[in-house]
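Enquirer: My questions will all concern the structure given below.
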Amino acid sequence: MLTFVIVSSTVRKNSQRTIKSVVGGQERFDVLARCLLNLDRWKSRIGHDLNLIIFLSHPEEQKALNIPLKSLPNPLKSELDSVIHLIEIFSKPEQFNSRFTTMNFENLIGDFSNSSTIYYLTPDGVQIQEISKEFNQNKEMCFILGSQHDLSEIQENALQKIGVIPVSLGEKDYLASHVITIICHHFLS
């Protein structure tokens, strides 16, 4: 299993969403839709089941939405298609074999630390080329990244406490959806 945890401090579970509000940038829900679309494009190309967890880190939320990519009924064809599906998943997660779980960030990463190697994407980490040879060893892996903002200092400290491996993609900054593409590409190497 290959899991991507996207941490969002702006997206809220019960916000009213329309295509127009998403395109207008409300809560930056569009960032999450692009991440879903990119993962869906990779699910048949690499030899791992893919899982997306959207962690809603707003203080009034503290929820994780678990979306197994194999549960999406059809391949997503466009960003608009991805937005529509993600809106549906947020409103009726059970129809997509998805679920919201109330938990804090420490509990989320603690759960993964028992079963997965956890990587945190940060400019100050080990270069991805140095660890990519580990990627095809059929073990559970989890990649944690921010959506449109970096993780908070408290979240980064929680990652350090459990010994998460910091990984860098180099000196350039990338959108979260591009980070997913770059990481998945390393699984083909």
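Enquirer: Could you tell me whether any residue of the range 135-147 is surrounded by 17 or more Cβ atoms within 10 Å (Cβ to Cβ), under 16 Å from residue 33 (Cα atoms) and touching a helix residue (DSSP H, G or I) at 6+ places or on another chain (Cβ under 6 Å)?
Expert: We begin by selecting, within the range 135-147, every residue surrounded by 17 or more Cβ atoms within 10 Å (Cβ to Cβ); these are 135, 141-147.
If we keep only those that are under 16 Å from residue 33 (Cα atoms) too, we end up with 145-147.
If we keep only those that are touching a helix residue (DSSP H, G or I) at 6+ places or on another chain (Cβ under 6 Å) as well, we get 145, 147.
Yes, some residue in the range 135-147 is surrounded by 17 or more Cβ atoms within 10 Å (Cβ to Cβ), under 16 Å from residue 33 (Cα atoms) and touching a helix residue (DSSP H, G or I) at 6+ places or on another chain (Cβ under 6 Å).
Enquirer: Let me ask another. Just checking, how many residues over the range 50-71 are under 14 Å from the mean Cα position of the chain (by Cα) and not hydrophobic (A, V, I, L, M, F, W, C)? So that I can check it myself, show each step before the final result.
Expert: Step one: list which residues in the range 50-71 are under 14 Å from the mean Cα position of the chain (by Cα), which gives 50-57, 63-69.
Now restrict to residues that are not hydrophobic (A, V, I, L, M, F, W, C): 51, 57, 63, 66, 68.
Total satisfying the criteria: 5.
Enquirer: Would you call residue 70 among the charged types (D, E, K, R), on the phi < 0 side of the Ramachandran plot, surrounded by fewer than 18 Cβ atoms within 10 Å (Cβ to Cβ) and in a loop (DSSP other than H, G, I, E, B)? Explain how you work it out, then say what you get.
Expert: Details: among the charged types (D, E, K, R): yes; on the phi < 0 side of the Ramachandran plot: yes; surrounded by fewer than 18 Cβ atoms within 10 Å (Cβ to Cβ): yes; in a loop (DSSP other than H, G, I, E, B): no.
No; evaluated as a whole, the condition is false for this residue.
Enquirer: Related question: Could you tell me whether the range 25-45 includes any residue that is closer than 30 Å to residue 134 by Cα, out of contact with any Gly (no Cβ under 7 Å at 6 or more places or on another chain) and surrounded by fewer than 13 Cβ atoms within 10 Å (Cβ to Cβ)? Talk me through it step by step, then tell me what you get.
Expert: As a first pass, look at the range 25-45 and keep what is closer than 30 Å to residue 134 by Cα: 31-45.
Keeping just the survivors that are out of contact with any Gly (no Cβ under 7 Å at 6 or more places or on another chain) gives 31-45.
Within this subset, residues satisfying the condition of being surrounded by fewer than 13 Cβ atoms within 10 Å (Cβ to Cβ) are 44-45.
Within the range 25-45 (the criterion being closer than 30 Å to residue 134 by Cα, out of contact with any Gly (no Cβ under 7 Å at 6 or more places or on another chain) and surrounded by fewer than 13 Cβ atoms within 10 Å (Cβ to Cβ)), the answer is yes, since at least one residue qualifies.
Enquirer: Is there a residue in the range 35-47 that is in a strand (DSSP E or B), in contact with a helix residue (DSSP H, G or I) (Cβ under 9 Å, 6 or more places away or on another chain) and under 23 Å from residue 155 (Cα atoms)? Steps first, please.
Expert: Of the range 35-47, the ones in a strand (DSSP E or B) are none.
Looking for residues that are in a strand (DSSP E or B), in contact with a helix residue (DSSP H, G or I) (Cβ under 9 Å, 6 or more places away or on another chain) and under 23 Å from residue 155 (Cα atoms), one finds none in the range 35-47, hence no.
Enquirer: Something else now. Scan 100, 90 and give me the residue that is surrounded by fewer than 18 Cβ atoms within 10 Å (Cβ to Cβ), within 16 Å of the chain's Cα centre (by Cα) and among the hydrophobic types (A, V, I, L, M, F, W, C).
Expert: Values: 90 fails: surrounded by fewer than 18 Cβ atoms within 10 Å (Cβ to Cβ).
Going through 100, 90 in turn, the sole match is 100.
We did not get these values from a lab; they are worked out from the coordinates using the rules stated. Computed from a predicted model, the values in this text were never measured in an experiment. Note that each Cβ is placed from the backbone with ideal geometry, even for glycine, and that neighbours are counted across all protein chains shown.
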